[in-house]
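Here's the structure, in structure tokens; my notes come after.
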Amino acid sequence: MDIATLRDKHAHHWNMAAALRVLAMDAVQAANSGHPGMPMGMADVATVLFTKHLKFDASTPDWADRDRFILSAGHGSMLLYALLHLTGYEDMTIDQLRNFRQWGAITAGHPEYGHAKGIETTTGPLGQGIANAVGFAMAEEALRARFGAGVADHHTWVIAGDGCLMEGISHEAIGLAGMQKLSKLIVLWDNNNISIDGKVSLSDITDQRARFAAAGWRVLACDGHDPVEIEHAMNEAKDSDRPVLIDCKTHIGFGSPKKQDSASAHGSPLGPDEIAKVREIYGWNYPPFEIPAEIRTAWAEAGKRGVAARHVWEGNLARLSSTKREEFERRMAGDAPKKLATTIRALKKQATEAKHKVATRKASEMVLEVVNPVMPETIGGSADLTGSNNTKTADLGIFNPDNRRGRYVHYGIREHGMAAAMNGIALHGGFRPYGGTFLVFTDYARGAVRLSALMGIPVTYVMTHDSIGLGEDGPTHQPVEHLAMCRATPNTYTFRPADVVETAEAWELALTSKRTPSVLALSRQNLPLVRDKHTTKNLSAQGAYVLREAEGKRKAILLATGSEVEVALKARDLLQAEGIGTRVVSVPCMELFAAQDEAYRKKVLPAGPARVAVEAAVRQPWDRWLLGERGREAKAGFVGMDSFGASAPAERLYEEFGITAEAVAEKVKSLL
Ligand SMILES: Cc1ncc(C[n+]2csc(CCOP(=O)(O)OP(=O)(O)O)c2C)c(N)n1
């Protein structure tokens, strides 16, 4: 539909949509940076969605049963900010729009979760939003199954562009959503055939409709500028038994004489002359950031459409039994149940007595066996490595279209999709997702893992087979740089527990974290229990602690994590036998150790003794603990990996790569 017809036949709709377009165009111009083309292209779709379909109440952005709106095409952030502003989200003031992309403004270049109400997830890295949405829709299904449609019954709407659909992660996401029959997930595809380099056909000829259909989606289409067609498609989409793609045919930079349908509309300001022309074409005679009262009122009305539904919902929630309501509220708040601490303590005590010698992946399963029954909000899963990651416990049941009460997800071989879906589940609220793969495939999940950290959401990554200790699968499967990568990521706890006790402590910390994701790096091979004295206190919470004190004068400190704590303890025996007093420090989590006060860190790592760290991975993250923190280069050494691993039995690999007690003891002696 062209602009003249729209203005003629759908004047009211046109003006409402024009308000979005102009705000986007003007804010990008004011910032002298940003992406006007996408908001100008999708304004009609967004207007129909927000005025007719989206269930929300701008006065109560946290209403648990609101529809979720996810702008997967995050570069079009001004579309979202304009919608939030016009519908009356309190924090999204006109000044925030004026300050688009400026220091301190909540209107960041790309929508950032936590900056403004109504931003459900951080988007910008293309494909993440659509993959998060799968998690949102899964969480909605699971919450409804547990608490009933009276308190959980909402849709997840996504705007995704050609870029989102071209990204590999979208394939993982749509495959998972199709299999899961997530009928309340609706993706609005901004099909404008333009990306940054030019026409999409420069790089892609995929039949997207066929691709979605092949994955089990329902596919609808509309003219993305015709409000009647859009509304019709949305009505139909809400009545589907499968997830729905609506192919919205649009024009990027709609109405810009020079830039419409071209890549030049994508990511730079239109310029004052072009903006003046667009204003004329739109019939918009108001200065920048001024919205006429009538249109402002109509948008504010849209922001209140959901008030009645919210009241009904509040009544429904109030009518739940008090136990169920409190459980709902606890879970939405992300608070761990009181029983968690006692459960972990009991397991630690029992493990200390039983002296279990198990792989930490097995230890993790032992923890989950006792935790999952007392934490009904956990949703576990694995990217097709369930039997290796030990992520499934007896009580969970499988989450699938026939069993929405199931709490275990077979994510398939989709590490990136799994991580992004877990972000969505966590963001939705009511659940604590954890999911497993091999540590080496942290790479494959990386885009979404980084966003867990950036958003500050407590997803738990169960990353097993954490070193050359996995043995015969060889260097393709043996991580060496991955611990460094996880530790280099801000706001991420990288745990590498040494035994059952530390594994239980790491899980406790992961499951009580509110704003930090956790990576649990777990061994394939069996490890002895090194924490032989029971403490109710969670020692791993300090990040590092003295596991064995030196006998006699302390001449050396060994630092180790995970499977190499055993190596360090053996090295200590060798050194002590020669009269070299040696302390062993276990370092299950460097980030938590770094967060301790100076006095504690000094107690664990005093100046003076030689320091040797041992970890079957690259040295990079260790330098602070070896050279900094009162350490000295002349008295510091590292025993670990400086190359990729190899395919052989684990014991042979440890010998060949020189990660042995003897090598550690020699290193210490060379430093004394
Ligand atoms: C993972 C990722 N790769 C690259 C980019 C850079 N980028 C931002 S938008 C864009 C093109 C997107 O095209 P499309 O989705 O069609 O958006 P439109 O041009 O229609 O606004 C690219 C490559 C990104 N944001 N994320």
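Assorted remarks:
- Toward the positive end of the charge dipole of the chain, with +1 on the Cβ of Lys and Arg and -1 on the Cβ of Asp and Glu, the farthest Cα among Phe50, His251, Gln96 is that of Gln96.
- C-alpha long axis of helix 442-455 to longest principal axis of the chain, angle in °: 70
- For Glu353 and Glu551, a Förster radius of 35 Å and the Cβ-Cβ distance give a FRET efficiency of 0.85, rounded to the nearest 0.05.
- Under the convention that each Lys and Arg Cβ holds +1 and each Asp and Glu Cβ holds -1, the size of the dipole of the chain around its Cα centre is about 2120 debye.
- Length gained on full extension, Ala4 to Lys238: 81.2 nm, using 0.36 nm per residue less the C-alpha separation.
- For the chain, relative contact order (Cα pairs under 8 Å, six or more residues apart, normalised by length) works out to 12 percent.
- Low-density loop positions, trypsin sites (Lys or Arg not before Pro), region 495-591 - DSSP coil, at most 14 other Cβ in 10 Å: Lys514, Arg515, Lys533, Lys537, Lys553
- Listed values for region 389-403 are Karplus-derived 3J(HN,Hα) couplings in whole Hz (6.51 cos²θ - 1.76 cosθ + 1.60, θ = phi - 60°), namely 7, 6, 9, 9, 10, 4, 8, 6, x, 8, 7, 7, x, 8, 9, and x replaces Gly and Pro.
- Computed from phi, the 3J(HN,Hα) profile of region 301-308 under the Karplus parametrisation 6.51, -1.76, 1.60 (θ = phi - 60°) reads 4, 4, x, 9, 3, x, 4, 4 Hz, with x in place of Gly and Pro.
- Principal-axis tilt of helix 564-577 within the chain, Cα atoms, nearest 10 degrees: 20
- Residue (of Thr206, Ala577, Thr494) at the positive-pole extreme of the chain, dipole from beta-carbon charges: Ala577
- The label-point distance for His115 and Val374, in a model that sets each label 7 Å from Cα toward Cβ, rounds to 4.0 nm.
- Extension gain, Ala394 back to Glu651 (0.36 nm per residue minus Cα-Cα distance, nm): 89.3 nm
- Ellipticity at 222 nm from helices only: DSSP H runs of n ≥ 4 in the chain, each -39500 (n - 2.57), divided by the residue count, give -13000 deg cm²/dmol.
- Unsatisfied cross-links (Cα-Cα over 19 Å) in the set Lys570/Lys669; Lys555/Lys635; Lys533/Lys635: Lys533/Lys635
- A simple packing score, the average count of other Cβ atoms within 10 Å per residue, orders the peptides 492-498, 194-200 as 492-498, 194-200, with the highest score first.
- Cross-link reach list, lysines versus Lys338, counting only Cα pairs under 22 Å and skipping chain neighbours closer than eight places: Lys324, Lys348, Lys349, Lys514, Lys537
- Note, ³J(HN,Hα) from phi for region 542-549, Karplus 6.51, -1.76, 1.60, rounded to Hz, x at Gly and Pro: 8, x, 8, 7, 6, 8, 9, 7
- Alpha carbon centroid spacing (whole Å) that separates region 554-589 from region 482-507: 20
- Distribution of pairwise C-alpha distances over the chain, 20 Å bins, in %: 19, 45, 28, 9, 0
- The Rg/Rh ratio of region 489-642, with Rg taken over Cα atoms and Rh as the Kirkwood radius over Cα pairs, comes to 0.94.
- Computed over region 546-600: relative contact order in percent, which uses C-alpha pairs under 8 Å that are six or more apart: 46
- Sparsely packed loop sites in region 209-260 (the trypsin sites (Lys or Arg not before Pro) outside DSSP H, G, I, E and B with at most 16 other Cβ atoms within 10 Å) comprise Lys238, Lys258.
- Entries of Lys339/Lys603; Lys355/Lys553; Lys52/Lys249 with Cα pairs more than 24 Å apart: Lys339/Lys603; Lys355/Lys553
- C-alpha long axis of helix 37-48 to longest principal axis of the chain, angle in °: 70
- Chymotrypsin sites (Phe, Trp or Tyr not before Pro) lying in DSSP loop within region 263-363, provided at most 15 other Cβ fall within 10 Å: Phe289
- Charge dipole of region 104-244 about the Cα centre (unit charges at C-beta), most positive-ward option of His115, Leu176, Trp157: Leu176
- Net charge, Glu598 excluded, C-beta distance under 14 Å - Lys, Arg +1, Asp, Glu -1: +3
- Other residues within the sphere of radius under 12 Å centred on the Cβ of Thr386, judged by their own Cβ, net out at 0 (K and R +1, D and E -1).
- √(5λ) per eigenvalue of the Cα gyration tensor, region 171-213, largest first, Å: 24, 11, 8
- Each peptide among 652-664, 69-81 gets the average number of other Cβ atoms lying within 10 Å of its residues, and from highest to lowest they stand as 69-81, 652-664.
- If you plug the beta carbon distance of Ala276 and Asp95 into 1/(1 + (r/R0)^6) with R0 = 30 Å, you get a FRET efficiency near 0.80.
- Chain lengthening between Asp204 and Asp402 when straightened (0.36 nm per residue, less Cα-Cα): 67.7 nm
- Taking every alpha-carbon pair under 8 Å whose residues sit at least 6 apart, region 353-395 reaches a relative contact order of 47 percent.
- With R₀ set to 45 Å, the beta-carbon distance separating Ser643 from Ala213 gives a calculated FRET efficiency near 0.45.
Read-outs: derived from the displayed coordinates by stated rules, not from any lab. Since the structure is predicted, the reported quantities are computational estimates derived from the model, not experimental observations. Note that we place each Cβ from the backbone using ideal geometry, even for glycine, and neighbour counts take in every protein chain shown.
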